Number of protein chains: 2
Amino acid sequence: MAMVPEGDDRERLVCTDCGYVRYDNPKIIVGAVCTWQDRYLLVRRAIPPREGLWCLPSGFMELGESTEAGAAREVWEEARAHVDLTDLLALYNLSHISQVHLIYRGHLTSPACAPGPESHEVALLTWDALPWDRLAYPNVAWALRQHRAMQGRTNFAPLGVPDDAPPLP
Amino acid sequence: MAMVPEGDDRERLVCTDCGYVRYDNPKIIVGAVCTWQDRYLLVRRAIPPREGLWCLPSGFMELGESTEAGAAREVWEEARAHVDLTDLLALYNLSHISQVHLIYRGHLTSPACAPGPESHEVALLTWDALPWDRLAYPNVAWALRQHRAMQGRTNFAPLGVPDDAPPLP
């Protein structure tokens, strides 16, 4: 049942038989803006939500992995590509859905890529060919624009939700 | 029971009655190195684990808050102090315990502080007075040393686990 455990200050799910407390905490999404020369790696989602729209390779971080390992795993799972991550591009707090997005930046080790089981299609696109009107989420556009803004710069603080982003629901 | 849900590639806890899948993912620890002039804010833990040892204000990020809000909340809960966070000092992957630590840097808005319910004691200590041999966790020392190394610098990539840290278990 939902109750405030002793010494706590908010409701948790507690088993009244054994006292087990189920803590629900925010989840981490790991992903990457990956480039090959002047091209950006995007995947077209084959699963809901937003099936058919374009996304950066990204997904829920799993137990036992680092944030970088998780981002590289997602690149492999969704785009069958290998990436050398160089740095943390962005940290987005999406607190209305209790998610923290950690988006890395990296170079593909080769242009080889192919759709994984959760992707209809994978593409390496120049800036001018990016499908701005068919992106799955606003944060895909944030990360792509911030990646472009940070070209040639290193050792910077990760960027956040852009000031001009519409208010979150 | 533990099984691999359809379309997934690893075991999850699944309810065989209703199909509910319980996803366990890494947890985020938020905390802060807070200073007042040349002094560092530490709290002495009043709860296990490591009761009696010194720590930075930090704890599990909660649903519905941002990483910065969570770090500031922990400073209030454990040290009854108000902090203006300035930037993200460090991101530590502790993948052996599936934790990601996000440690911010900030200035206290006044030297007022007091132990919260989970602290025996709170202190504002100069660098030379820091209790290096009574710190609760290695990452407390990492963050303090990295804070000192980054004094006067802004807009840098968050630091990670130091290269000279002993291997994690």
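The values are calculated or read from the model by the stated rules, or taken from the named source; none is laboratory data. These numbers were taken from a predicted model, which means no experiment stands behind them. No Cβ is skipped: glycine too gets one built from the backbone with ideal geometry, and neighbour counts run over all protein chains shown. The protein model used for the area step is the full one, side chains on, heavy atoms only, and it has no ligands, DNA or RNA in it. Shrake-Rupley method; radii C 1.70, N 1.55, O 1.52, S 1.80 Å.
The other copies place their A:Arg50 label points at 3.7 nm from this one, listed shortest first, where each point is 7 Å from Cα along Cα→Cβ.
Which value, in debye to the nearest 20, describes the size of the charge dipole of chain A about its Cα centre when Lys and Arg Cβ atoms bear +1, Asp and Glu Cβ atoms bear -1, and nothing else is charged? Don't skip to the end; give the middle numbers.
Values: 15 positive and 22 negative charges, 101 e Å.
Using Cβ point charges on Lys, Arg, Asp and Glu, chain A gives about 480 debye.
Using R0 = 45 Å, the C-beta based FRET efficiency linking A:Ser98 and A:Ala129 works out to 0.85. Computed from Cα positions, the angle between helix A:138-149 and the longest principal axis of chain A comes to roughly 50 degrees. With a simple spin-label model that places each label point 7 Å from the Cα along the Cα-to-Cβ direction, the separation between A:Ala141 and A:Ala165 comes to 1.2 nm. Remark: label point of B:Asp128 defined 7 Å out from Cα along the Cα-Cβ vector; separations to the same position in other copies 6.4 nm, ascending. Derived value for the stretch A:102-168: Kirkwood hydrodynamic radius 14.2 Å. Basis is the mean of 1/r over every pair of different alpha-carbon atoms.
Does the stretch B:27-149 come out rounded, prolate or oblate, given a ≥ b ≥ c as the square roots of the eigenvalues of its C-alpha gyration tensor, rounded meaning a/c under 1.5 and, failing that, prolate meaning a/b above b/c? Note, shape of the stretch B:27-149 comes out rounded. Contact-buried residues of the stretch B:10-25, at a threshold of 40 Å² lost accessible area versus the chain by itself: B:Arg10, B:Arg22, B:Asn25 (1.4 Å probe; DNA, RNA and ligands ignored). For the stretch A:144-169, list whatever residues lose no less than 30 Å² of accessible surface once every protein chain is in place, relative to that chain by itself, with the probe at 1.4 Å. Checking the loss per residue gives A:Asn155, A:Ala157, A:Pro158. Here is the interface size for B with A: some 2900 Å² of accessible area buried, both sides summed, with a 1.4 Å probe. Heavy atoms of the protein chains alone define the surface here; on that basis chain A has 49 Å² accessible area per residue at 1.4 Å probe size.
When the residues B:Met61, B:Met1, B:Met150 are ordered by accessible surface, computed with a 1.4 Å probe over the protein chains alone, the sequence from largest down reads B:Met1, B:Met150, B:Met61.
What FRET efficiency comes out for the pair A:Thr154/A:Gln37, r = Cβ-Cβ distance, R0 = 25 Å, nearest 0.05? Display every interim value, and only then the final one.
Numbers: r = 19 Å, r/R0 = 0.74.
After rounding, the FRET efficiency stands at 0.85.
Angle between the Cα long axis of helix B:67-79 and the longest principal axis of chain B, 0 to 90 degrees, nearest 10? On a 0 to 90 degree scale, this one is about 60.
Taking a ≥ b ≥ c as the square roots of the eigenvalues of the Cα gyration tensor of the protein assembly as shown, is the shape rounded (a/c under 1.5), prolate (a/b larger than b/c) or oblate? Don't jump to the answer; show the numbers that get you there.
On the way: a/c = 2.06, a/b = 1.38, b/c = 1.49.
Since a/c reaches 1.5 but b/c is at least a/b, the shape of the protein assembly as shown is classed as oblate.
In terms of the mean number of neighbouring beta-carbon atoms within 10 Å, the peptides A:90-100, A:64-74 order highest first as A:64-74, A:90-100. Each Lys and Arg contributes +1 and each Asp and Glu -1, all at the Cβ; summed about the Cα centre of the stretch A:70-169, the dipole is approximately 200 debye.
Computing the accessible area with a 1.4 Å probe over protein heavy atoms, can you report the carbon and sulfur percentage for the stretch B:42-169? Numbers along the way, then the final one.
Numbers: 3170 of 5960 Å².
That fraction is 53 percent.
For the residues A:Asp9, B:Asp163, A:Asp164, a 1.4 Å probe over the protein chains yields an accessible-area ranking, largest first, of B:Asp163, A:Asp164, A:Asp9.
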